[in-house]
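Student: The structure is given below, and queries will be raised subsequently.
The values are calculated or read from the model by the stated rules, or taken from the named source; none is laboratory data. As the structure is a prediction and not an experimental result, all values here were calculated from the model. Heads up, the Cβs are rebuilt from the backbone with ideal geometry, glycines too, and the neighbour counts pull from every protein chain shown.
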Amino acid sequence: MIFVDSHTHLHFDSFDADRDAVIQRARQAGVGAILTLGTDWASSRCTLEIAQRYDFIFAAAGIHPSEAQRARSEDLRRIQHLAQNHPKIVAIGEIGLDFYRNNGPPENQYRVFRDMLLIARELDLPVVIHSRAAIREIEWFLQEEGFTRLKGVMHCFEGDTLDARFFLDLGMYISFAGNITYKDFSRSQVVKSVPLERLLLETDSPFLPPEPYRGQRNEPAQVKAVARKIAEIHRVSLDAVAQMTTHNARTLFRLPGQEGI
Ligand SMILES: [Zn+2]
Ligand SMILES: [Zn+2]
């Protein structure tokens, strides 16, 4: 069984001491591909360097809404240049809106989000969108900006079934992380409402470790716990979830196929 972890941050310093061991553990746990995402210009470069060292790791470059305040216009140009020139960068991300934390004036977030969406469109790359306390604002913004189709994924999905419908209608994928395994997770109906053909798996490591590892550092090897929970909610086999989500990730990010995948 092969799984794809479509959302990690392997550049974080919490992996500095044992990054290679973390990556080897993922391989041993059946993780066939990992997408590691930058959150600003510097980390987008770091993430590419990591991806270049391992054949099954791919990178995304972008500016996270929490970093929008600090981003300079040359950072956007550099990210565009990086994504244009390195085939290991398979997506623009992590981008989006976050009104949960105090990230400065919303205008900065909207401006950077718009610029990143336009870069993705110009380069014909999928987007990885972060939404925290901002799902309706993202829907409104995409409509206002005229995005009637969008290639990408809503990561660690926070919306309800109607929100899920909105993004599915745009042609997007939806991914869930380890928080769906928590006892207080109350949105199983949302997970169920997303067809397997549009689901991706993610760990969002080092964050959101699945039960019973809550509170610890998370890593890509744990992605199977998310798949197991999805299989339970959808009442299908773990193998069916693995096969479909791996196929989805390979399609969306145009990952090279490997034998047996
Ligand atoms: Zn995120
Ligand atoms: Zn993330």
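Student: Would you mind stating whether residue 200 is assigned to a loop (DSSP other than H, G, I, E, B), aliphatic (A, V, I, L, M) and surrounded by 16 or more Cβ atoms within 10 Å (Cβ to Cβ)?
Tutor: no
Student: While we're here: Tally time: how many residues in region 61-75 are under 16 Å from residue 45 (Cα atoms) and assigned to a loop (DSSP other than H, G, I, E, B)?
Tutor: 5
Student: Looking at region 3-13, is at least one residue away from ligand 2 (no atom under 16 Å from the Cβ), part of a strand (DSSP E or B) and either without any contact (Cβ under 8 Å) to a residue 24 or more places away in the chain or crowded, with 16+ Cβ neighbours inside 10 Å (or both)?
Tutor: The answer is yes; a qualifying residue exists.
Student: On the given criteria, is residue 76 of a type in the set (A, V, I, L, M, F, W, C), within 13 Å of ligand 1 (Cβ to nearest atom) and modelled with pLDDT of 95 or more?
Tutor: Criteria not met by residue 76.
Student: Do we have any residue at all in region 193-210 that's touching a Pro at 6+ places or on another chain (Cβ under 8 Å), in contact (Cβ under 8 Å) with a residue 12 or more places away in the chain and of a type in the set (Asp, Glu)?
Tutor: No; the residues of region 193-210 include none that is touching a Pro at 6+ places or on another chain (Cβ under 8 Å), in contact (Cβ under 8 Å) with a residue 12 or more places away in the chain and of a type in the set (Asp, Glu).
Student: Let me ask something else about it. Could you go through region 46-67 and let me know if any residue there is more than 23 Å from residue 255 (Cα to Cα), away from ligand 1 (no atom under 16 Å from the Cβ) and not small (Gly, Ala, Ser).
Tutor: No - not one qualifying residue is present in region 46-67.
Student: Pull out all pairs, ordered by first then second residue, where Cβ-Cβ is under 6 Å, the residues are six or more apart or on different chains, the first lies in region 51-65 and is free of Cβ contacts under 8 Å to residues at least 60 places away in the same chain, and the second is buried (at least 23 other Cβ atoms within 10 Å of the Cβ) and assigned to a loop (DSSP other than H, G, I, E, B).
Tutor: Listed pairs, sorted by first residue: 61/38.
Student: Continuing with the same structure: List the number of the failed condition for residue 250; all other conditions in (1) of a type in the set (D, E, K, R); (2) part of a loop (DSSP other than H, G, I, E, B); (3) in contact (Cβ under 8 Å) with a residue 60 or more places away in the chain hold.
Tutor: The single condition residue 250 does not satisfy is (2).
Student: Of the residues 239, 163, which is in a helix (DSSP H, G or I), surrounded by 15 or more Cβ atoms within 10 Å (Cβ to Cβ) and charged (D, E, K, R)?
Tutor: 163
Student: Moving on to the next point. Among 53, 70, which is surrounded by fewer than 16 Cβ atoms within 10 Å (Cβ to Cβ) and within 27 Å of residue 134 (Cβ to Cβ)?
Tutor: 70
Student: Based on what the data block shows, is residue 115 in contact with a helix residue (DSSP H, G or I) (Cβ under 8 Å, 6 or more places away or on another chain), away from ligand 1 (no atom under 16 Å from the Cβ) and farther than 24 Å from residue 251 by Cβ?
Tutor: yes
Student: Could I ask something else about it? Read through the list (1) within 16 Å of ligand 1 (Cβ to nearest atom); (2) in contact with a strand residue (DSSP E or B) (Cβ under 7 Å, 6 or more places away or on another chain), then give the number of the only condition that residue 101 fails.
Tutor: Looking at each condition in turn, residue 101 falls short on (2).
Student: Considering each residue of region 122-153, count those that are polar (S, T, N, Q), more than 16 Å from ligand 1 (Cβ to nearest atom) and within 23 Å of residue 40 (Cβ to Cβ), and give that number.
Tutor: 0
Student: Applying the selection to region 91-147, what residues are in a helix (DSSP H, G or I), crowded, with 19+ Cβ neighbours inside 10 Å and of a type outside the set (Gly, Ala, Ser)?
Tutor: 109, 112, 113, 115, 116, 117, 119, 135, 138, 142
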